[in-house]
Amino acid sequence: QVQLVESGGGLVQTGGSLSLSCTASESNFRVNIMGWYRQAPGKQRELVATITSDTITDYADSVKGRFTISRDSAKNTVYLQMNSLKPEDTAVYYCNAHRIGYTYWGQGIQVTVSS
């Protein structure tokens with residue numbers, strides 16, 4: 001069973017930066033799309049950013065210009081660089097990977113941005 005393991009969350013001050021990573025437990029893991037979602041208390045889970053196997057990226061309007069998603073296929077890892085963080089970015093962030101017929105989720109990692 002493939003597992004997605006997230007790391008890099010924590011507490012940061014408004015305007016600061018954090019970098020998240022997500023690594024698949026399978027060394028030859030290959031999927032078409034990987035991405036990050038987030039869910040704040042009382043809110044629905046929302047898409048943050050995605051990246052395809054061709055490194056085409058897409059972002060939610062709320063994070064565009066501040067967040068950058070990247071992928072390292074050799075390390076089976078996807079990253080999310082988060083800059084200029086705001087309190088409204090506070091949420092549990094989930095790594096996601098998808099290929100035809102399969103969807104995988106990480107366990108979620110907390111990101112808290114203080115005022």
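For region 1-102, with only Lys/Arg (+1) and Asp/Glu (-1) charged at the beta-carbon, what is the dipole magnitude about the Cα centre, in debye rounded to 20? Please list the in-between numbers first.
Details: 10 positive and 9 negative charges, 7 e Å.
Computed about the Cα centre, the dipole is about 40 debye.
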Just read off the accessible area of LEU11 with the full protein assembly in place, 1.4 Å probe, to the nearest 10 Å². 130 Å²
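Might you tell me the accessible area per residue for the chain, computed with a 1.4 Å probe and given in Å²? Each step should come with its number before you reach the end.
On the way: 6360 Å² over 115 residues.
Dividing the accessible area of the chain by its residue count gives 55 Å².
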Which whole-number percent gives the relative contact order of the chain, counting Cα pairs below 8 Å spaced six or more residues apart? 36 percent
Using all Cα-Cα distances in the chain, what percent lands in each 5 angstrom bin from 0 up to the longest? 2, 12, 24, 26, 19, 10, 5, 1, 0
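Per residue and in cubic angstrom, what volume does the convex hull of the Cα atoms of region 1-45 have?
Values: hull volume 5.8 nm³, N = 45.
Spread over its residues, the Cα hull of region 1-45 gives 129 Å³ apiece.
Using a 1.4 Å probe and counting only protein heavy atoms, arrange THR55, THR23, THR50 so the residue with the most accessible area comes first. Don't skip to the end; give the middle numbers.
Numbers: THR55 95, THR23 55, THR50 30 Å².
Ranked from most to least accessible, the order is THR55, THR23, THR50.
The values are calculated or read from the model by the stated rules, or taken from the named source; none is laboratory data. In this text, all values refer to a predicted model and were calculated from it rather than measured experimentally. Note that we place each Cβ from the backbone using ideal geometry, even for glycine, and neighbour counts take in every protein chain shown. For the accessible areas, the whole protein counts, side chains as well, though only heavy atoms, and no ligand, DNA or RNA atoms are used. Shrake-Rupley method; radii C 1.70, N 1.55, O 1.52, S 1.80 Å.
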